[in-house]
Amino acid sequence: MSETEQLKGWKEIPIGGLILAPGNAREYKTGGWRTFKPVHHMDKCIHCLQCWMHCPDSAIKVEGGKFIAFNYDACKGCGICAKICPKKVQAITMEKEEK
Amino acid sequence: MEDAKVNNKTGQTTLVALTGNEAVATAMRQINPDVVAAYPITPQTSLMQKFADFAAAGLVDTEIILVESEHSAMSACVGSAAAGVRTMTATSANGLALMWEIVYIAASSRLPIVMPVVNRALSGPINIHCDHSDTMGCRDSSWIQIYSENSQEAYDNTIQAIRIAEHANVLLPVMVTLDGFIISHSIESVHVYEDAKVKEFIGEYKPHNPLLDLNNPVTFGPLDLYDYYFEHKRQQSEAMKNSKRVIEDIGRLFGQTFGTVYDLIETYRLEDADECIVVLGSTAGTAKEVVDALRGQGRKVGLLKIRVFRPFPETEIIDALRGVKVVGVLDRSEGFSAVGGPVYQEIRAALCARHDISIVNYIYGLGGRDIGIADITKVFDELSAIRKAEKPITSRVDYVGVRE
């Protein structure tokens with residue numbers, strides 16, 4: 001659920017909690033769950049792609065074998081990428097989410 | 001045993017000697033549900049056994065799912081109703097308790113499942129006889145609850161329940177209750193309507209967003225957190241409110257088709273009554289006998305039978321009790337609220353604006369304890385004493401038929 005989406009009233013939604021449109025999971029922005037967000041430091045990154053391999057939400061965009069960006073709509077802020085980033089590299093840090 | 005009579009309006013009605021369970025099974029045969037999933041439990045067992053006989057004899061097209069528990073029975077019903085077919089089950093007491101989780105899910109998924117419940121005391125100590133502790137326990141589950149006075153009503157209510165549950169303004173599951181053994185196992189004369197007439201009355205089932213409509217895929221039972229759960233509950237409240245009018249309309253239509261009109265409540269000799277007993281289920285029949293006897297002695301007594309407990313017919317009850325001065329509410333379950341049984345609390349709340357009325361509660365009949373003419377006469381005598389201020393109200397909640 002994106003923060004800007006207008007929530008609907010009880011008369012406007014299907015009864016029984018039914019979802020009438022298929023394949024709408026991609027509309028659900030799990031990024032809203034984060035309390036800490038991963039921040040990427042390109043100058044330190046060695047593009048080993050350990051983060052990409054371990055990200056449970058496929059929230060890391062890679063092109064041509066290189067780290068491009070986080071998909072913050074999908075990233076739940078679990079911190080696995082920062083943990084797996086080699087100690088000598090430390091190209092990902094977790095920072096407190098601020099509104 | 002069978003005495004056929006022809007009525008111009010209803011077609012052929014056959015008077016048959018049936019137990020309450022057989023009467024309900026007969027209604028189910030005529031309804032011919034697509035799926036029935038059930039597990040045996042006394043005193044419901046003979047109901048489903050009879051229905052299984054009908055299925056074995058090829059008299060219904062029903063797919064009977066034999067499950068390993070009532071939790072599974074209601075789960076199978078949820079699946080089947082969501083798939084988009086007419087679905088029924090039946091249970092009693094601890095069976096209903098084991099269904100509990102799924103009872104709520106059926107209602108909140110807005111699945112029009114119809115379930116006869118043969119009322120039996122909840123354990124423990126273990127007991128197989130009638131009281132209303134099972135269905136009263138799930139009065140807040142968003143199931144419509146219709147209580148039956150006798151086999152005929154259990155049969156009639158089951159037929160009506162299908163149309164009520166499936167009505168587009170309702171789409172809630174319905175429990176039809178009948179008192180365990182007292183109704184379920186006693187043989188009474190029941191007017192059975194023509195199969196074709198019943199089929200015509202309930203009509204063809206048109207499911208709401210069925211899961212098996214592959215051209216319009218839907219999701220049932222998704223996670224529903226603080227952003228939408230409340231809105232779905234609000235919809236359920238509205239459906240329950242809507243159902244009142246639907247139950248009245250279908251009760252009237254039923255009368256036009258089969259001869260007996262049904263309403264949310266039934267009043268018996270209440271017009272000028274000073275004292276009134278409020279009761280539901282089979283005890284209403286006994287209480288009517290007492291009312292007749294006391295009326296014969298010139299006493300102004302009457303009866304209010306609640307047929308539909310959910311939705312609660314508040315305005316109708318306020319209207320019906322307008323002239324009454326003392327009300328005795330009979331509860332066949334103990335709510336353990338320490339301030340009276342569930343029916344009593346609802347009646348008190350409904351009449352909270354009345355300062356000229358005394359309302360007292362009598363818990364009775366727990367675990368199948370018999371209640372007879374003498375017990376109910378004694379209650380009326382007490383109500384009369386309260387009205388004449390001969391007896392001060394020392395306790396608003398009393399117990400009928402328990403040993404001190």
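The values are calculated or read from the model by the stated rules, or taken from the named source; none is laboratory data. Remember, it's a predicted structure, so these values are computed and weren't measured experimentally. Cβ: placed from backbone, ideal geometry, glycine included. Neighbour counts: every protein chain shown. Heavy atoms of the whole protein, side chains included, go into the accessibility calculation; ligands, DNA and RNA do not. Shrake-Rupley method; radii C 1.70, N 1.55, O 1.52, S 1.80 Å.
Observations
- Note on A:Ala21 and B:Glu200: their simple-model spin labels are 4.5 nm apart, each label 7 Å out from Cα toward Cβ.
- Under 30 Å from A:Lys76, Cα to Cα: lysines that are on another chain or at least 8 residues apart: A:Lys8, A:Lys29, A:Lys37, A:Lys44, A:Lys61, A:Lys66, A:Lys87, A:Lys88, A:Lys96, A:Lys99, B:Lys233
- What you get for chain B, charging only the Cβ of Lys and Arg (+1) and of Asp and Glu (-1), is a dipole of about 800 debye around the Cα centre.
- Cβ-Cβ FRET estimate between B:Thr377 and B:Leu223, R0 fixed at 35 Å, reported to 0.05: 0.05
- The gain in end-to-end length when the B:Ala338 to B:Arg354 segment is fully stretched comes to 3.5 nm, 0.36 nm per residue minus the alpha carbon separation.
- Residue separation of A:Met53 and A:Lys88 scaled by 0.36 nm, minus their Cα-Cα distance, works out to 10.8 nm of gained length.
- Surface accessible to a 1.4 Å probe, A:Tyr72 within the full protein complex, Å²: 80 Å²
- Peptide B:104-113 shows a mean partner chain C-beta count of 2 within 10 Å per residue C-beta.
- Rounded is the label for region B:265-400, because a/c, from the alpha-carbon gyration tensor with a ≥ b ≥ c as root eigenvalues, stays below 1.5.
- Summed over qualifying helices (DSSP H, 4 residues or more, each -39500 (n - 2.57)) and divided by its residue number, chain B shows a 222 nm mean residue ellipticity of -12500 deg cm²/dmol.
- Ranked by how many other beta carbons lie within 10 Å on average, peptides A:85-98, B:266-279 from highest: B:266-279, A:85-98
- Sites A:Glu98 and B:Asp370, calculated FRET efficiency, Cβ-Cβ separation with R0 60 Å, nearest 0.05: 0.25
- Cα gyration tensor category, rounded, prolate or oblate, for the protein assembly as shown with a/c compared to 1.5: prolate
- Ordered from longest to shortest, the equivalent ellipsoid semi-axes for chain B are 35, 24, 20 Å, each the square root of 5 times a Cα gyration tensor eigenvalue.
- Span-like helix ranges in chain B, DSSP H, alpha carbon extent 15 angstrom or more, Kyte mean at least -0.5: B:20-31, B:45-56, B:70-83, B:93-108, B:283-296, B:373-387
- Number of partner chain Cβ atoms within 10 Å, mean per residue of A:19-32: 2
- Point-to-point label distance, B:Ser395-B:Glu68, nm (Cα→Cβ direction, 7 Å offset): 4.6 nm
- Under 15 Å, Cβ to Cβ, from A:Trp52 - net charge with Lys/Arg +1 and Asp/Glu -1: +1
- The alpha carbon centroids of region B:6-85 and region B:264-314 are separated by 31 Å.
- DSSP-defined beta bridges in the protein assembly as shown - what % are antiparallel, rounded to 5: 40 percent
- Largest to smallest accessible area among B:Glu231, B:Glu68, B:Glu289 [probe 1.4 Å]: B:Glu68, B:Glu289, B:Glu231
- Electrostatic dipole magnitude of the protein assembly as shown [Cβ: Lys, Arg +1; Asp, Glu -1; Cα centre; debye, to 20]: 1540 debye
- Take the Cα of B:Arg269, step 7 Å toward its Cβ, do the same at A:Glu63, and the gap between the two points is 8.9 nm.
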